[in-house]
Amino acid sequence: MRNLYQCRRGSVAFATVVALIPLIGFLALGAEAGSWFVTRNQAQNTADSAALAGALAVANTNVQPDFGTLNGFASGVVVTSGIYTAGTGFAAGAVPANAVRAVVTECRPQSLSLVVYTGSCNGTDSNIKIEATAIASVQTPAKLPCAMSLTGPITFKDAAVEINAPNCSLASNGTPLGIEFQVAPKTYNVGSVTTAGGCSGSLCGSVSTYAPPTINPYELLTNSINGLTLSPCSGSTLRPYEGFNCANNNVTINSATTLDTSGVYFFSGGLTLGGNGALSTGVGVTATIIIIPDGTKTSLKMAGGSTFKISSPATAPSASAVPGALSSVRYLLANMAIFDPELSPQIVGGATMTGSGVFYLPNAALNFKGDSTSTSTPSTCTQVIAASIQFTGTPTLDNTGCPESIKIKSQVVALVQ
């Protein structure tokens, strides 16, 4: 017995067992805390996605999905709209909403750790509460664009160019070069100039470079019109779609032509205004000109003193005024004067482009040449969107009368918290 009592063999093993008890507890706590950390990151990603989707829904009046359910959170996501300002933060419920707050709450049981949490989560005692919050806002620049290039630069090539747009901006998504002043224009009165790329030339000090790209507000319309086919209209009279369900085919206008019926006019095979050709809307008439792309014809071509003067409708066309393929995107045709997705529009010589609404040429390297002008009065406004825009010769872009309701809506959705 004395030998057994004095024996020290096995004491290390006993001490090890005793030491393992708290060690296992710490390891369990570390493993469980690690799982909480992973859940926290997943919750934050979900909150970020929900807030961004909610802000996009505010910007575009769409319905957002339930990001909580999609990402496996049983409690879902609590999404609240309101107003966000840099100075005061987020105010829930305030209108008109310009921001969305998303909160993800997840309850996790203490299954392994030796730490006892005595609080509650969603009414369940001793559960760990994991919460993530994100706020995204819709940010609108002080000056909305009235001329925008989608992929290439806006270039000023001649000193006789006149730009008079104090209440709106020029925006370019061109990279690496977005704005190019080869020479200083004769008149340069612009509310602001932004570009996603760089700037070259003497007036770059007034340009905001490497800004977030301006969102193309008509991309859905572009996708819907590509591939559209319509039967040719009969006769030489220009026909709106409603009541005729056709496209005016391969049209050349060499004299004054007035549209006397409001509606959406489709053209296949291009639209040419030659000689002294003029296309205009009559008194009290509004129209939208859509050129269907086929990849083989010159689209809008204006030369030799021709005139394009279209007053666009302030509201979207009815469902019967457009083909069924455009039914879901017809709201984008409000304020649209001309939509031309072909590759080679030309506005040259003494051509004049006037009227109210958006002139949308998304795939065109648009060259305002010669004495081409775009003018407006307080009741009208001409907007230009093209792949790239170049001012050559003596053109004038005058948008002093652009009302806010017609200007291209330029919005950036960003996480602010």
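The values are calculated or read from the model by the stated rules, or taken from the named source; none is laboratory data. Note that the structure is a prediction, hence the values are computed from the model and not measured. Because the Cβ atoms are built from the backbone with ideal geometry, glycine has one as well, and the counts that use them run over all protein chains shown.
For the reader, a short list of remarks on this structure follows.
- Listed by first and then second residue, the pairs linking a residue in the range 256-285 that is without any contact (Cβ under 8 Å) to a residue 24 or more places away in the chain and buried (at least 22 other Cβ atoms within 10 Å of the Cβ) to a residue that is hydrophobic (A, V, I, L, M, F, W, C) and in a loop (DSSP other than H, G, I, E, B), with Cβ atoms under 8 Å apart and 6 or more places separating them unless they lie on different chains, form an empty list.
- Number of residues in the range 244-263 that are touching a strand residue (DSSP E or B) at 6+ places or on another chain (Cβ under 9 Å) and assigned to a loop (DSSP other than H, G, I, E, B) equals 6.
- Some residue of the range 190-203 being surrounded by 15 or more Cβ atoms within 10 Å (Cβ to Cβ), at pLDDT 90 or above, of a type in the set (A, V, I, L, M, F, W, C) and over 16 Å from Ser388 (Cβ atoms): yes
- Filter result for Tyr210 (touching a Leu at 6+ places or on another chain (Cβ under 9 Å) and either without any contact (Cβ under 8 Å) to a residue 40 or more places away in the chain or of a type outside the set (A, V, I, L, M, F, W, C) (or both)): no
- Taking the range 213-232 as the range and being hydrophobic (A, V, I, L, M, F, W, C), assigned to a loop (DSSP other than H, G, I, E, B) and closer than 18 Å to Ser299 by Cα as the test, the residues that pass are Leu228, Leu230.
- Condition met for Ser202 (in the same structural domain as Leu279 (by TED's automatic domain parsing) and either outside any loop (DSSP other than H, G, I, E, B) or in contact with a Cys (Cβ under 8 Å, 6 or more places away or on another chain) (or both)): no
- The listed residue being in contact with an Asp or Glu (Cβ under 9 Å, 6 or more places away or on another chain), in the same structural domain as Val384 (by TED's automatic domain parsing) and under 30 Å from Asp294 (Cβ atoms), out of Pro153, Pro232: Pro153
- Residue count, the range 83-100 (criterion: over 21 Å from the mean Cα position of the chain (by Cα) and crowded, with 16+ Cβ neighbours inside 10 Å): 1
- In the range 338-362, residue modelled with the highest pLDDT [restricted to those that are crowded, with 22+ Cβ neighbours inside 10 Å and over 15 Å from Thr222 (Cα atoms)]: Gly357
- Restricting attention to the range 288-345, the residues being in a strand (DSSP E or B) and of a type outside the set (Ser, Thr, Tyr) number 14.
- Unmet requirement for Ser328, which otherwise passes all of (1) under 18 Å from Ile291 (Cα atoms); (2) modelled with pLDDT of 75 or more: (1)
- Ser255 vs. criteria small (Gly, Ala, Ser) and farther than 30 Å from Arg330 by Cβ: yes
- One residue from Thr195, Thr175, Thr133, Thr187 being in contact (Cβ under 8 Å) with a residue 12 or more places away in the chain, farther than 21 Å from Glu342 by Cα, assigned by TED's automatic domain parsing to the domain that holds Ala55 and not hydrophobic (A, V, I, L, M, F, W, C): Thr133
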